[in-house]
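Below is one structure; the comments refer to it alone.
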Amino acid sequence: MTCKQVEKDWEEWLAGSAPPEFGRHLETCPRCRQQAAELARTSDWLALLQREPPEPGPAFWAQLRQRLEESDPAAEFWTALGWVAARTALALGFLVVLLGLAVMIESPRPVVAEFDAPQAYVAEGTAAIAVAEGQPNRDQVVLTLVAYTEPQQ
């Protein structure tokens, strides 16, 4: 039997119904013997693929449940969020203290607008202006002008 004739009978050999000449040829031809070994391994691999995968036991499911409970992503999220919130609260508290110190150190002085109304005009009005420390303030002048422009009764 030649190598070309053997190529036609490979399927029969894999099925277990090859003619006796096929086996004798494999004994004498190293190339066909190597190919037969490779095909035998292929059929073993195909047999493994056709088998059903094994079912995991109860210990597997218990371990899986335990690992899932230990690594709760929601808990990790809230833990990280709590860490960020604590740092933010600390930074805001520090900022409030600094701003409070800045306000205490530099207390603003009240702004007094100087009013340069002529003293003669204020003096000739009918309403008297109570002037403290020489210069009338804006409110006193406005009240005087309102009283001056209202008709006298």
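Take the Cα of Glu52, step 7 Å toward its Cβ, do the same at Leu39, and the gap between the two points is 3.2 nm. Computed extension length for Gln5-Met104: 25.0 nm, one decimal, from 0.36 nm per residue of separation with the Cα-Cα distance subtracted. With each label modelled as a point 7 angstrom along the Cα→C-beta vector, the Phe77-Ala15 pair spans 6.0 nm. As a ratio to 2.2 N^0.38 Å, the alpha-carbon radius of gyration for region 3-50 is 1.15.
A DSSP coil position with no more than 14 other Cβ atoms inside 10 Å describes the following trypsin sites (Lys or Arg not before Pro) in region 1-106: Arg51.
Coordinate-derived values only; no laboratory data. These numbers were taken from a predicted model, which means no experiment stands behind them. Positions of Cβ are backbone-derived with ideal geometry, glycine not excepted, and every protein chain shown enters the neighbour counts.
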